């Protein structure tokens, strides 16, 4: 299937139904589908053919998302642009990834105009919601274009999503995902989120659609369901939308979930009974806070593990797998990311690319139609990452006796202290269990004796305090002295990416400045 086929499946099944709702305004499947057709035809009329790169610079917005659908309908390649990113970061991505078509909202017009001289490859500028100098309005761009599918011929291996990596370890690389890899991602999600035949899902796009939320909305759309778009990152808007629209599924990163859990008596203030699936992922989650989430939101929590190179669907821990014999599962199960999904093969490998036995720790490697085609214009990095058909994820972990996948850490985050390997996520799980700790990050810092010493950087719950020595003692008791932090720093907020990931590279930089070692 082509990626646009998922939208068209929903369009055929529910032509007059609500495809999208934003600020109470409904866009039907037919209205959305015809708009995407007109955008695609306009792109083709301008001479943009399969493989040309296009981007949409916008906040969460239905029309902006329809521009992405229009790019796909013309078989162009979509470059996600983060509205919360620094302008220079977006400029780098657009130029390095050879963007030729840029759709943008009026609120970014001034920034786009300032960057225009540095984006010589962009040939078409379209303002989505206004007439601005130097760009064509969307209304004018699609004028006279038919609302009919242009029926572009596609190849399953055409690159249709050129996604920047998180950028936590340097300049982002361009990950080339194809119709095939995205189709497999959607199939995995739909396999793991069944609905009764008489239920149409309602997806809440609360996180940026330019990132995870947009792709996670597509399986809902394919089922003829409704996507409710939240235009501002406001917890009150998010919570109000759940009972108002009967939301059945949505995704949030753990950092946002922690803030919701800080709201007293939340499950008494908001009716969560419509929820079937509350997906969490993009970063490790505290087992203690996961237990709280199940108590507050109900037996609907669902973890997803993936990465841009294997989009969103390497493994899932489904709601039912959070329980054993009717009781909430133990820490071993809850700290996993679930079982590997059925349309791929997942193995643990050592540094010699040999498959390890069950229970042994090594690098998580993935093979199958889910994985990327490679890194854009970077054959060397592609060759380092795709070896004999296996994607080397850079994540360290193991498969347990029941087949559940556990992520110990990122390879680059592992701390080597006095010759011992310390995986930060083990220490973070212990610290997250302390009632005063909202969030934390464990990193290695320079040490003359040990090479690296374990340091915990703690973000406390509002109005609470904690003693550094008590936190160190807690870790020693649970993990032993080697893995326990040697020091603890308290900060008001940890550095995070626009999607909530803690930027450990930025954090380490504060402590390694001047040290003769790469971070």
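If you scan region 456-487, which residues turn out to be under 29 Å from the mean Cα position of the chain (by Cα) and surrounded by 15 or more Cβ atoms within 10 Å (Cβ to Cβ)?
Within region 456-487, 456, 457, 458, 459, 460, 461 meet the criteria.
Look at region 357-382 and say how many of its residues are in contact (Cβ under 8 Å) with a residue 12 or more places away in the chain, farther than 26 Å from residue 183 by Cβ and assigned to a loop (DSSP other than H, G, I, E, B).
Residues in region 357-382 being in contact (Cβ under 8 Å) with a residue 12 or more places away in the chain, farther than 26 Å from residue 183 by Cβ and assigned to a loop (DSSP other than H, G, I, E, B): 4 in total.
Please tell me if residue 210 is within 18 Å of the chain's Cα centre (by Cα) and either free of Cβ contacts under 8 Å to residues at least 12 places away in the same chain or within 20 Å of residue 19 (Cα to Cα) (or both).
yes
In region 399-430, which residue that is over 22 Å from the mean Cα position of the chain (by Cα), surrounded by fewer than 21 Cβ atoms within 10 Å (Cβ to Cβ) and more than 19 Å from residue 487 (Cβ to Cβ) is modelled with the lowest pLDDT?
My answer is 419.
Quick one: which residue in 188, 179 is touching a strand residue (DSSP E or B) at 6+ places or on another chain (Cβ under 7 Å), within 24 Å of residue 4 (Cβ to Cβ) and surrounded by fewer than 24 Cβ atoms within 10 Å (Cβ to Cβ)?
179
All but one of (1) within 23 Å of residue 510 (Cα to Cα); (2) in contact with a strand residue (DSSP E or B) (Cβ under 7 Å, 6 or more places away or on another chain) hold for residue 421; state the number of the condition that does not hold.
The failed condition is (2).
Please go through region 341-361 and pick out each residue that is surrounded by 19 or more Cβ atoms within 10 Å (Cβ to Cβ) and farther than 17 Å from residue 186 by Cβ.
346, 348
Which numbered condition trips up residue 131, out of (1) at pLDDT below 95; (2) within 31 Å of the chain's Cα centre (by Cα)?
(2)
Test residue 221 against the stated conditions and say whether it is over 16 Å from the mean Cα position of the chain (by Cα), assigned by TED's automatic domain parsing to the domain that holds residue 64 and either within 23 Å of residue 314 (Cβ to Cβ) or modelled with pLDDT of 95 or more (or both).
The answer is no for residue 221.
Restricting attention to region 139-149, does a residue exist that is surrounded by fewer than 19 Cβ atoms within 10 Å (Cβ to Cβ), assigned by TED's automatic domain parsing to the domain that holds residue 101 and within 30 Å of residue 339 (Cβ to Cβ)?
no
Would you point out which residue out of 343, 334 is touching a helix residue (DSSP H, G or I) at 6+ places or on another chain (Cβ under 6 Å), without any contact (Cβ under 8 Å) to a residue 60 or more places away in the chain and farther than 24 Å from residue 202 by Cβ?
334
In region 89-121, what count of residues is obtained for those that are out of contact with any helix residue (DSSP H, G or I) (no Cβ under 6 Å at 6 or more places or on another chain) and more than 17 Å from residue 174 (Cβ to Cβ)?
Looking only at that region, the number is 12.
Give the number of residues within region 124-149 that are within 19 Å of residue 38 (Cα to Cα) and not in a helix (DSSP H, G or I).
Summing the residues that are within 19 Å of residue 38 (Cα to Cα) and not in a helix (DSSP H, G or I) in region 124-149 gives 18.
Give the number of residues within region 158-217 that are modelled with pLDDT of 95 or more, outside any helix (DSSP H, G or I), in contact with a helix residue (DSSP H, G or I) (Cβ under 8 Å, 6 or more places away or on another chain) and over 21 Å from residue 62 (Cα atoms).
3
The values are calculated or read from the model by the stated rules, or taken from the named source; none is laboratory data. If you're wondering where the values come from, they're calculated on a predicted model, not measured in any experiment. No Cβ is skipped: glycine too gets one built from the backbone with ideal geometry, and neighbour counts run over all protein chains shown.
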